[in-house]
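All remarks here apply to the structure that follows.
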Amino acid sequence: MPKLVIASIGPASSVQDGGRPGSQRYGLTPSGAMDRLALAAANTLVGNAPFAAAIEVGPFGAAFTARGGPVRVALAGAQRNAEVAARPVTCDGSATLAEGETLSLGFARKGSFSYLAIEGGIAGEPTFGSLSVNARAGLGSPYPRPLQAGAEIEVVAARGM
């Protein structure tokens, strides 16, 4: 099964989706993406549901390496430099990472958060209907905390594959 391995990532980066609307009645914050429009744009570019889980990348840079096969991703939100094997990748566009290729993201410009959606989605166990990280409550999947270097994000097989 293909996956993205996080080579490097700054703080304030985690898995987020449309959140847990209505969860306040259980004493939980709804969590979810800081920029829902950018989340929906990134997901739409790879054929996912608009509010499917994606990687919310904070203002600092990050790098992701494809393992176990090719991985198609889309980037939307705050503008930042992005490249795969010295080829530029546009924000609000998609790219396919071949096995072993690394997507490198620079610092955010004109905003704070970017969304890296993965074709097929992120594998995880929803809690209260969401994969969104709420570190204070210990909720989220595949990791109930901000992402760190070395973390592996497994990819759900895309429809039609």
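Would you tally the net charge around P70, using a Cβ to Cβ cut-off of less than 15 Å, leaving P70 out, and scoring K and R as +1, D and E as -1? Don't skip to the answer; put the middle values down first.
On the way: positive: K3, R67, R72, R87; negative: E99, E101, E119, E154.
It works out to a net charge of 0.
Of interest is the spacing of the C-alpha centroids, which for region 101-145 and region 31-85 amounts to 8 Å. Residue ranking by accessible heavy-atom surface, 1.4 Å probe, largest first, among K3, K110 comes out as K110, K3.
Cα-Cα pairs above 15 Å in region 1-89: how many percent? Considering region 1-89, 65 percent of its Cα-Cα pairs are separated by more than 15 Å.
So what is the relative contact order for region 63-149, in percent, with contacts set as C-alpha pairs under 8 Å and at least six apart?
Working: 163 pairs, mean separation 23.7, N = 87.
Relative contact order, region 63-149: 27 percent.
In the full protein context, the chain carries 47 Å² of accessible surface per residue, based on a 1.4 Å probe and ignoring ligands, DNA and RNA. Only helices enter this figure: runs of n ≥ 4 DSSP H residues, each worth -39500 (n - 2.57), summed and divided by the residues of the chain, yield -2000 deg cm²/dmol at 222 nm to the nearest 500.
Extension gain for E152 to A98 (0.36 nm times residue separation, less C-alpha to C-alpha distance): 17.8 nm.
Compare the peptides 82-88, 34-40 by average per-residue count of other Cβ atoms within 10 angstrom and give them in order, highest first. Present the calculation step by step, with values, prior to reporting the outcome.
Working: 82-88: 12.9, 34-40: 19.1.
Put in order of decreasing packing, that is 34-40, 82-88.
Overall size of the chain from C-alpha positions, given as principal axis extents largest first: 48, 36, 27 Å.
The values are calculated or read from the model by the stated rules, or taken from the named source; none is laboratory data. Just so it is clear, the structure is predicted and the values come from calculations on it, not from any experiment. Cβ sites come from the backbone with ideal geometry, for glycine too, and all protein chains shown count toward neighbours. The area values use the complete protein model at the heavy-atom level, side chains included, leaving out ligands, DNA and RNA. Shrake-Rupley method; radii C 1.70, N 1.55, O 1.52, S 1.80 Å.
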